1. May I ask you to say which residue of Arg75, Arg50, Arg87 is under 28 Å from Arg7 (Cα atoms) and under 19 Å from the mean Cα position of the chain (by Cα)?
2. Could you list, in sequence order, the residues of the range 30-76 that are surrounded by 11 or more Cβ atoms within 10 Å (Cβ to Cβ), of a type in the set (Gly, Ala, Ser) and part of a helix (DSSP H, G or I)?
3. Name the residues in the range 87-103 that are of a type in the set (Lys, Arg), assigned to a helix (DSSP H, G or I) and more than 21 Å from Pro46 (Cα to Cα), would you?
4. Of all residues being of a type outside the set (S, T, N, Q) and part of a loop (DSSP other than H, G, I, E, B) in the range 5-29, which is modelled with the lowest pLDDT? Just the residue, please.
5. Which one of these does Ser38 not meet: (1) closer than 21 Å to Glu64 by Cα; (2) without any contact (Cβ under 8 Å) to a residue 24 or more places away in the chain?
6. Given the structure, is Glu106 part of a helix (DSSP H, G or I), more than 25 Å from Ser18 (Cα to Cα) and either in contact with a helix residue (DSSP H, G or I) (Cβ under 8 Å, 6 or more places away or on another chain) or among the charged types (D, E, K, R) (or both)?
7. Could you go through the range 65-72 and let me know if any residue there is in contact (Cβ under 8 Å) with a residue 60 or more places away in the chain and among the charged types (D, E, K, R).
Amino acid sequence: MLQLKKRLQLDQWGRYPSEEVAAVIEPLLAWIDKVSPSASQTYPQPWGTRRHVECAVLQNFLAETFSMDFAELFRGKTEAELEELARSFSFEQCEKRDGLNRKMSEHARIWKKE
């Protein structure tokens with residue numbers, strides 16, 4: 001499932017370049033910007049056309065079509081196993097990423113100035 005998410009850019013965070021996705025998205029972006037030049041100004045404006053299309057098409061619609069495949073990974077798990085998996089997402093299990101936190105804080109300060 002992680003390889004699928006990576007290949008098809010189903011998650012905005014940690015995306016990797018994909019020629020497969022670009023071959024589909026690039027012509028769509030060009031067409032949208034051609035027929036609706038104001039599309040790039042859609043709120044939130046910093047996203048531009050690309051981010052709106054990627055969010056709507058890849059991270060929402062396409063990702064949703066794999067939800068049952070993802071759910072199947074949990075079939076046959078006991079309640080205890082499911083609880084253990086859920087605990088792995090608890091705040092206590094979070095690993096603090098100082099480098100990422102610093103970059104996000106810096107970006108937030110820059111963004112606030114604009």
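1. Criteria check complete, one pass: Arg50.
2. Matches in the range 30-76: Ala30, Ala39, Ser40, Gly48, Ala56, Ala63.
3. Arg87, Arg102
4. Of everything passing the filter in the range 5-29, Gly14 is modelled with the lowest pLDDT.
5. (1)
6. The answer is yes for Glu106.
7. Within the range 65-72, one or more residues are in contact (Cβ under 8 Å) with a residue 60 or more places away in the chain and among the charged types (D, E, K, R).
The values are calculated or read from the model by the stated rules, or taken from the named source; none is laboratory data. No experiment lies behind these values; they were computed from the predicted model shown. Cβ atoms come from the backbone with ideal geometry, glycine included; neighbour counts cover every protein chain shown.
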